[in-house]
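To start, the structure itself, in structure tokens.
The values are calculated or read from the model by the stated rules, or taken from the named source; none is laboratory data. Only a predicted model underlies this, so the values are computations on that prediction, with no experimental measurement involved. As a convention, Cβ positions derive from the backbone with ideal geometry for all residues, glycine included, and neighbour counts pool all protein chains shown.
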Amino acid sequence: MPESPKLLRLLSAAVGAENVLTDPAVLAASSHDTWPVSTKWSRRGEHPHQADVVVRARSEEDVAAVLRAAEEFGTPVTTRALGSSVTGQPLPTRGGIVLDVSGLTGPHEIDEIDMTVTAPAGVNGGDLEDALNETGWTMRFSPQSLYRSSVGGWLATLATGQFSSRYGGVEDLVVGYRVVLADGAVAELTASPRAAMGPDLRQLFLGSEGTLGIVTRVTLKIVPLPAVQHLQTFLVPGVGAGLEIMRDQAARGLRPSLLRLYDTDEARHAMSDPDFDGTVLFVGTEGEPETAEAEMAVITRIATGRGATALGPAPVEAWLGRRFDFSSVEKRLDTPGGFAETIEVAHTWRHIEGLYTDVRKALEPLADEVLVHFSHVYPQGTSMYVILLGQVEDDAGASDRLAEIWATTMQVCLDHGAELSHHHGGGLARSPYSRRSLGSAHRVLRRVKHALDPEGLLNPGKLGL
């Protein structure tokens, strides 16, 4: 390419010439997301993954028309919404069309009887949550990127939120959605409230990162705003003891809204105290007063039985007030030679502490600070979130160091049999490791991809496809 004049005319006729953009500045902007590696490329004026044309969709009909045109010309299409991905998911690896779906916005519909909200996929998640709160409702879905991400993006990346230990991930939040397939056909996937007519096809597109279809409209669960919230901070004897507390409460079927274990290095940041020395556990319970109080009482008994000491709610309250703040990472990345990265993985209770030990050991020579917390808990295990901060001579060196950090972390996780991503998804960062991570399951993914997108036009180069 560049794209043929005939295709550009076809796209202009379908969505309006004002929504078909080939300006170099627009193309350059569409070649970056918030992946730190991409941020360093941008600072250096490098655009290794750039579209030939950006098309702005304003409706589901626009999306379908663009995909039909792309199929006719054999042109790749990479979907982009608000660009909050931190792993390179919306970056085009084969040029072609970047389909901007951030314009899929408009009114939402609240159903207070069935407790759902339906909204276009491009709607900002934070704006939707604020609107729900004004009427006494909440999705209680709170990724750190809440005010930077779209509700359709949550489905495409299999996102989760900071209150997932009680409310689950997006797979638990979603009721149904509409998706445009590679040939422009539209499918509606739903269940009312559960269906046993074959496989649950709603799961098929969750986490598919735009490789199988493009989500255009979503219906999500809502619940009344919680009546009360109880918060507590515990000083625990160490990471091992903290993990045992988390496992014990999961085994008892408790559902705290917040459960975050910080190792000593990250605890200094979590406590906003550079002199703090210890491992801390943040806990929150919420809902009806009797339930929330009882759950906190049981977790307190479990924690103190493992040698923990209660420090009061103030540190958790302070964290809740700043939990959407990205500024420390952004400032570091905006410094010549500064680098910062976040990598989240997951493993079972049996193996998570060994993974923690080996990941820290492997990464400590590569960064000035290696900070770790565990923040999403399941009966079988937990996620582990690693934050790396460092400084080298220049941005070229920072890019090299970030590449080394990714390769090192992924190899340690593969060696341990860990999940390579818990909620940031694969994108460009993890695509090279997808086949080894998924093993024989990747064959199933490839067959699904071939069935739904036989020409391989949707977001190529992701998920090892």
Single unsatisfied condition, Asp183 versus (1) out of contact with any Ser or Thr (no Cβ under 8 Å at 6 or more places or on another chain); (2) farther than 22 Å from Glu60 by Cβ; (3) assigned to a loop (DSSP other than H, G, I, E, B)
(2)
Of the numbered conditions (1) over 28 Å from Arg260 (Cα atoms); (2) surrounded by fewer than 18 Cβ atoms within 10 Å (Cβ to Cβ); (3) of a type in the set (Ser, Thr, Tyr), Thr408 fails exactly one; give the number of that condition.
(1)
Please go through segment 150-173 and pick out each residue that is hydroxyl-bearing (Ser, Thr, Tyr) and either assigned to a helix (DSSP H, G or I) or surrounded by fewer than 22 Cβ atoms within 10 Å (Cβ to Cβ) (or both).
Thr157, Ser164, Ser165, Tyr167
Looking at (1) touching a residue at least 60 places away in the same chain (Cβ under 8 Å); (2) more than 30 Å from Ile245 (Cβ to Cβ), which is the one condition that is false for Gly207?
(2)
Among strands (runs of 3 or more DSSP E) completely within segment 265-364, the ones holding 1 or more residues that are without any contact (Cβ under 8 Å) to a residue 60 or more places away in the chain, buried (at least 16 other Cβ atoms within 10 Å of the Cβ) and among the aliphatic types (A, V, I, L, M) are 279-287
Which of the numbered conditions does Val63 fail, given that it passes all the others? Conditions: (1) touching a Pro at 6+ places or on another chain (Cβ under 7 Å); (2) among the hydrophobic types (A, V, I, L, M, F, W, C); (3) under 19 Å from Leu11 (Cα atoms).
(1)
Subset of segment 235-264 that is part of a helix (DSSP H, G or I) and small (Gly, Ala, Ser) - its residue that is surrounded by the most Cβ atoms within 10 Å (Cβ to Cβ)
Gly242
Check Arg435 against each of (1) farther than 25 Å from Glu353 by Cβ; (2) crowded, with 21+ Cβ neighbours inside 10 Å; (3) touching a Gly at 6+ places or on another chain (Cβ under 8 Å) and name the one condition it does not meet.
(2)
From the list Gly74, Gly45, Gly88, which residue is surrounded by fewer than 23 Cβ atoms within 10 Å (Cβ to Cβ), within 25 Å of Leu428 (Cα to Cα) and touching a residue at least 40 places away in the same chain (Cβ under 8 Å)?
Gly74
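Sort through Leu146, Leu189 and tell me the only one that's in a strand (DSSP E or B) and modelled with pLDDT of 95 or more.
Criteria check complete, one pass: Leu189.
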